[in-house]
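Read-outs throughout are calculated quantities, based only on the coordinates presented, and are distinct from any laboratory measurement. Every value quoted in this text rests on a predicted model; they were computed, and no experiment measured them. Note that we place each Cβ from the backbone using ideal geometry, even for glycine, and neighbour counts take in every protein chain shown.
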Amino acid sequence: MKEAAVADVEHTIGMLLGTEDDWPRAYEALLRRVGLVTGPDGKTHRANAVRVTIEPFNLRDKPRHDLVIDRLAYWYYHPREWLKKIALMDDVYLLNSPFTFQSMEKHAAYCAMLRLGLKIPETVLVPFKNPLENSRWAYTAARYNRPFDLEATAAAIGYPLWMKPYDGGAWVGVSKIRNEIELHAAYDASGERLMHLQASIEGYDVFARSLSIGPETMVMKFRPDQPMHARYEVDHNFLSASAGDEVVTISRLVNAFFRWEFNSCETLVRGDEVHPIDYANACPDVALTSLHYYFPWAMTALLRWTVFCVVTGRKPRLDTDTSRYFAIADDHSLGYAEKLAAYRKLADDYFEVDRYQEFCAKHLGNLDDIVYDWVTSEEFRSLLRETVRAMYPVHEHEKFLAHFGGLIDAWIRDQDR
């Protein structure tokens with residue numbers, strides 16, 4: 001076997017994972033195929049992917065990682081504290097920042113984007129339906145909780161509306177409310193979960209989900225009423241140029257504002273009006289069986305951004321510098337479009353878009369070919385077969401292998417080769 005060339009600089013990219021195995025295998029395989037990269041410093045660099053294990057750590061331990069892709073710490077606190085330690089003490093680059101998890105609780109993100117003037121639907125946070133398991137609850141509630149009229153609160157927003165957890169994800173606990181009976185049923189079922197009531201954007205033309213990785217964004221037509229394998233519809237012209245650009249700008253703005261670099265946003269588009277409804281996801285969907293046609297793009301973007309970060313020595317920025325964004329929001333001489341343009345410039349500056357594009361063109365110019373060769377290889381088809389067999393019952397294997405295989409074949413045909 002031919003020995004791999006020795007790099008001047010070796011980088012370790014950690015993957016902090018939960019149950020997923022499909023995209024990590026894809027990322028690992030592609031990173032091996034990338035091999036040596038000559039950086040702007042003239043040295044050769046190699047990035048190696050490792051899966052992070054969870055174990056006791058001394059706060060003075062030195063990590064071996066240059067960058068960590070986090071898919072776990074939004075619910076698992078031990079690795080979250082490890083991420084905070086390696087960010088604060090060791091300057092390890094993180095996708096994503098563990099210091100802005102409040103943005104994942106939809107409430108903080110709603111507040112921030114309202115402050116910036118985005119077209120967020122009318123939203124009200126209502127108190128818990130049931131008492132919390134806390135010895136201080138009864139006294140505090142009796143003294144300070146004011147009675148409120150749930151029906152009047154909903155009526156002020158207007159029907160139909162949505163009830164959704166303030167910190168929710170994966171559509172858990174989300175209900176469409178059309179009348180007072182549904183309102184009370186959903187609120188009674190909410191228990192100890194804090195809930196938002198949010199106005200519904202009726203008569204929208206399209207539901208768009210945008211996946212952003214670093215400075216790259218893919219806007220996809222999303223059908224939430226479909227099963228997961230059919231939610232992303234392959235359609236390259238479902239938005240006008242102006243609406244598409246606004247969706248991209250909002251996605252980049254959210255990510256730069258909260259220092260999130262691996263995130264998805266959801267927007268409802270009615271005509272050319274873009275209404276963000278969910279734009280903070282600690283663990284955005286990048287599964288092969290969800291993204292299918294768009295999966296090769298996601299892996300390419302993730303490779304480009306992570307390699308760029310480690311090879312160029314991009315420094316993590318834990319400070320969010322919100323005052324720069326608020327200065328734009330508070331400038332009453334600017335119209336909405338002008339504010340979006342100013343936000344886009346701040347976001348592009350944060351992501352070093354020009355430097356990134358120059359790096360990719362000069363040092364990763366062969367990456368598209370590498371990804372194409374891999375997607376057309378038996379190694380990829382084997383991954384697809386194993387993923388389908390792990391995801392679906394035996395009697396559905398043939399159906400879904402044909403379904404996803406056809407979508408991947410469509411991606412192959414659409415490449416300019």
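What does the helix-only formula give at 222 nm for the chain: each DSSP H stretch with n ≥ 4 adding -39500 (n - 2.57), the total divided by the residues, and the result rounded to the nearest 500 deg cm²/dmol?
-13500 deg cm²/dmol
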Using the alpha-carbon atoms, what tilt in degrees (0 to 90, nearest 10) does helix 378-391 show relative to the longest principal axis of the chain?
30 degrees
Taking the inverse of the average 1/r across all pairs of different Cα atoms in the stretch 85-131, what Kirkwood radius in Å do you get?
13.4 Å
What's the magnitude of the charge dipole for the stretch 154-302 around its Cα centre, counting Lys and Arg as +1 and Asp and Glu as -1 at the beta-carbon? Answer in Debye, nearest 20.
180 debye
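Between residue 357 and residue 322, 0.36 nm times their residue separation minus their Cα-Cα distance comes to what?
Values: separation 35, 0.36 × 35 = 12.60 nm, distance 2.57 nm.
Roughly 10.0 nm would be gained on extension.
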List the trypsin sites (Lys or Arg not before Pro) in the stretch 175-237 that DSSP assigns to loop (not H, G, I, E or B) and whose Cβ has at most 12 other Cβ atoms within 10 Å. Which are they?
178
For the stretch 394-401, in residue order, the Karplus 3J(HN,Hα) values (coefficients 6.51, -1.76, 1.60; θ = phi - 60°; whole Hz; Gly and Pro = x) are 4, 5, 9, 4, 4, 4, 7, 5
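Stretched out fully, how many nm does the piece from residue 145 to residue 10 gain, at 0.36 nm a residue minus the Cα gap? Could the numbers behind the result be given before it?
On the way: separation 135, 0.36 × 135 = 48.60 nm, distance 5.74 nm.
Stretched fully, the residue 145-residue 10 segment lengthens by 42.9 nm.
For residue 40, what charge total do you get from the other residues with a beta carbon under 10 Å from its beta carbon, if Lys and Arg give +1 and Asp and Glu give -1? Present the calculation step by step, with values, prior to reporting the outcome.
Details: positive: 43, 355, 362; negative: 41, 358.
Here the count lands on +1.
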Tell me, what ³J(HN,Hα) does each residue in the stretch 360-372 have, in order and in whole Hz, if you take phi through Karplus 6.51 cos²θ - 1.76 cosθ + 1.60 with θ = phi - 60° and put x for Gly and Pro?
4, 5, 8, 10, 10, x, 9, 5, 4, 5, 4, 5, 4
When only alpha-carbon atoms count, how far does the stretch 122-199 stretch along each of its three principal axes, as whole angstroms with the largest first?
36, 28, 21
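Compute the length gained on full extension between residue 379 and residue 270: take 0.36 nm times their separation in residues and subtract their Cα-Cα distance, giving the result in nm to one decimal.
Values: separation 109, 0.36 × 109 = 39.24 nm, distance 4.22 nm.
Working it through step by step, the gained length comes to 35.0 nm.
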Karplus couplings for the stretch 283-299 from phi (6.51 cos²θ - 1.76 cosθ + 1.60, θ = phi - 60°), rounded to Hz, Gly and Pro as x?
9, x, 5, 10, 5, 4, 7, 9, 6, 6, 3, 8, 4, x, 4, 4, 5
List the pairs from 119/164; 176/399; 85/106; 84/119; 315/339; 221/345 whose alpha-carbon separation is above 21 Å, in the order I gave them.
176/399; 85/106; 84/119; 315/339; 221/345
Please list the non-local residues whose amide H lies under 5 Å from the amide H of residue 279, H modeled 1.01 Å from N, same-chain partners needing a gap of 5 or more.
266
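Which order do peptides 314-321, 390-397, 71-78 fall in by mean Cβ count within 10 Å, highest first? Can you show the working numbers first?
Working: 314-321: 13.9, 390-397: 11.6, 71-78: 16.8.
Ranked from most to least packed, the peptides come out as 71-78, 314-321, 390-397.
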If you keep only loop residues by DSSP, which GluC sites (Glu not before Pro) in the stretch 308-384 have at most 16 other Cβ atoms within 10 Å of their Cβ?
none
Could you tally the net charge around residue 239, taking each other residue with its Cβ under 13 Å from the Cβ of residue 239, Lys/Arg +1 and Asp/Glu -1?
-4
Using only Cα atoms, find the angle between the long axis of helix 106-115 and the longest principal axis of the chain, and express it within 0 to 90 degrees, rounded to the nearest 10.
80 degrees
Work out the length of the dipole vector of the chain about its Cα centre, built from +1 on the beta-carbon of each Lys and Arg and -1 on the beta-carbon of each Asp and Glu, and round it to the nearest 20 debye.
800 debye
Structure-derived P(r) over Cα pairs in 20 Å bins from 0, in percent: which label, when the choices are (1) 23, 56, 20, 1; (2) 21, 37, 33, 8, 0; (3) 24, 48, 16, 8, 4, 0
(1)
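If you take every residue apart from residue 325 with its C-beta less than 15 Å away from the C-beta of residue 325, what net charge results, scoring Lys and Arg +1 and Asp and Glu -1? Before the final figure, lay out each step's value.
Numbers: positive: 115, 252, 259, 317, 324, 339, 344, 345; negative: 319, 321, 330, 331, 338, 348, 349.
Value of the local net charge: +1.
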